[in-house]
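Working notes for the structure below.
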Amino acid sequence: MTYTAESLDIALEHSLGTTTLRVGGEVDLATAAQLRDALLDALVCGSGVAHLDLDGVTFMDTAGIHTLLAGVRRASLMGGHVGMTSASGPVRRVLGVAGVRDSFADPACSCALPLGSP
Ligand SMILES: [Zn+2]
C-alpha cells in the first residue's frame with residue numbers, strides 16, 4: 001500500500017509479523033492527515049503494533065508530533081505500541097525538544113532502544 005501526498009511518501013510493509021511504516025518527506029499540517037491514516041492502517045495491519053522508520057523525514061513540526069502521539073494512544077488502546085526503529089536528525093531533534101522521545105518504544109520489543117542515545 002502506498003500513500004502519496006504533496007510532499008510525503010509513506011510505504012507500509014508487513015514482514016515477519018512486524019508492520020513497518022516507512023515515511024519520507026515533510027510531516028506538517030498539510031501532510032499530517034495522510035500520516036495519521038497510514039499509521040492507523042498500520043496498527044490494524046499489525047494488530048496494534050506498528051514500527052516507524054522516519055529516516056527519510058526531512059522536516060516535522062508539532063502537527064507531526066501530535067499525529068504520532070495519537071497513534072501511540074490508539075496503539076495502547078489496542079494493547080500494542082508504536083515503536084520507532086529509525087529517525088532522521090530533524091525528527092530526533094523535534095521529539096527531543098517536545099520531550100516525547102521515550103513514547104515510541106516497548107521494552108519487550110526490538111524497537112526498544114534505537115533512539116536511546118543522541
Ligand atoms: Zn516494537
message: Given the options Ala50, Ala32, name the one that is away from the ligand (no atom under 16 Å from the Cβ) and either buried (at least 19 other Cβ atoms within 10 Å of the Cβ) or over 12 Å from the mean Cα position of the chain (by Cα) (or both).
response: Ala32
query: Going through region 73-99 one residue at a time, which ones are closer than 18 Å to Asp28 by Cα and of a type outside the set (Lys, Arg)?
result: Ala87, Ser88, Gly89, Pro90, Val91, Val94, Leu95, Gly96, Val97, Ala98
- prompt: Restricting the first residue to region 96-108 and requiring it to be within 19 Å of Asp53 (Cβ to Cβ) and in contact (Cβ under 8 Å) with a residue 12 or more places away in the chain, which pairs with a second residue that is within 12 Å of the ligand (Cβ to nearest atom) and part of a helix (DSSP H, G or I) meet a Cβ separation below 6 Å and a spacing of at least six or different chains?
  reply: Ser103/Val72
Condition check for Ala63: touching a Leu at 6+ places or on another chain (Cβ under 8 Å), away from the ligand (no atom under 16 Å from the Cβ) and under 20 Å from His14 (Cβ atoms): no
field: Filter result for Thr20 (within 16 Å of the ligand (Cβ to nearest atom) and either crowded, with 16+ Cβ neighbours inside 10 Å or within 22 Å of Ser7 (Cα to Cα) (or both))
entry: yes
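Each value in this text was obtained by applying a stated rule to the coordinates, not by laboratory testing. Not measured: the values here are computed from a predicted model. Cβ sites come from the backbone with ideal geometry, for glycine too, and all protein chains shown count toward neighbours.
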